[in-house]
Each structure stands twice: as C-alpha cells, then as structure tokens.
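The values are calculated or read from the model by the stated rules, or taken from the named source; none is laboratory data. These numbers were taken from a predicted model, which means no experiment stands behind them. No Cβ is skipped: glycine too gets one built from the backbone with ideal geometry, and neighbour counts run over all protein chains shown. For accessibility, only protein heavy atoms count, side chains too; no ligands or nucleic acids. Shrake-Rupley method; radii C 1.70, N 1.55, O 1.52, S 1.80 Å.
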Amino acid sequence: MREVTNQQLKDAMAVEDNRNIMRKVTSKYAGLINADDLDTCSLNALWRTLQCHDPSYNQKFTTSLFRFCEWECQRELRKKRTKVVSMTVPIENASPAEIGEETFPSVDEEW
C-alpha cells in the first residue's frame, strides 16, 4: 500500500466526481447511520482508494472509490449492529455470567 499525503487527499476531495460518488453511496445509508459517521466512512473510503487503487487493473478511480465507500458503510453498519459487552466479547456470544446488570441500562438511566 502507498503512503497518502494530505495534498493528495485534498486534491481528490476537490474532484467533483469523487464527491458525487461519496455522496451517492452514503445517501443510501442516511436512515441507518448518522451524518458524522457517514462523512467518516466517505473520507476513509477516499483514503483507502488513494492507498490501494491500481490503474493497471484497467479500473477507474471512481469505480474503486464506489466499492470502498460501500465497504466502509457496510463495516459501520456491522459495528453498530454488534453490541459489545466488553472489548472482546460481542453480546450475542457472551455467556450469562458475562452479562450482568450493568450491561443493560435501567429504566431510570433511559429517562
């Protein structure tokens, strides 16, 4: 993977086609992911595309950007769907002993 400079990132952000691709992909996830996280997904996708895109595959930069943007949004959705009990055990895989009273908010905390 290549190193990406700030200037390369700024130049890529200045291209209207790139911004349109990022906006188009993230708009599909607008109801599921908040706007700040969508911005982060699109910037991560742009950075990954700059890092990994290889023109020798005869693929346009925007095609790679679209793909990476989709992957970033889907990764963010997976992160949001997996509730974590600890840093290592997702709640779906946790044993009853690992899930305590403190795992779930009380009614008072919700109000």
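Given a 1.4 angstrom probe, I'd like the percentage of the accessible area of the stretch 1-70 that is carbon and sulfur, rounded to a whole number. Ligands and nucleic acids excluded, carbon and sulfur reach 51 percent. R23: net charge of surrounding residues, Cβ under 14 Å, Lys/Arg +1, Asp/Glu -1, itself excluded? Net charge in that neighbourhood comes out at -2. For S56 and R23, the difference between the fully extended length at 0.36 nm per residue and the C-alpha to C-alpha distance is 9.2 nm.
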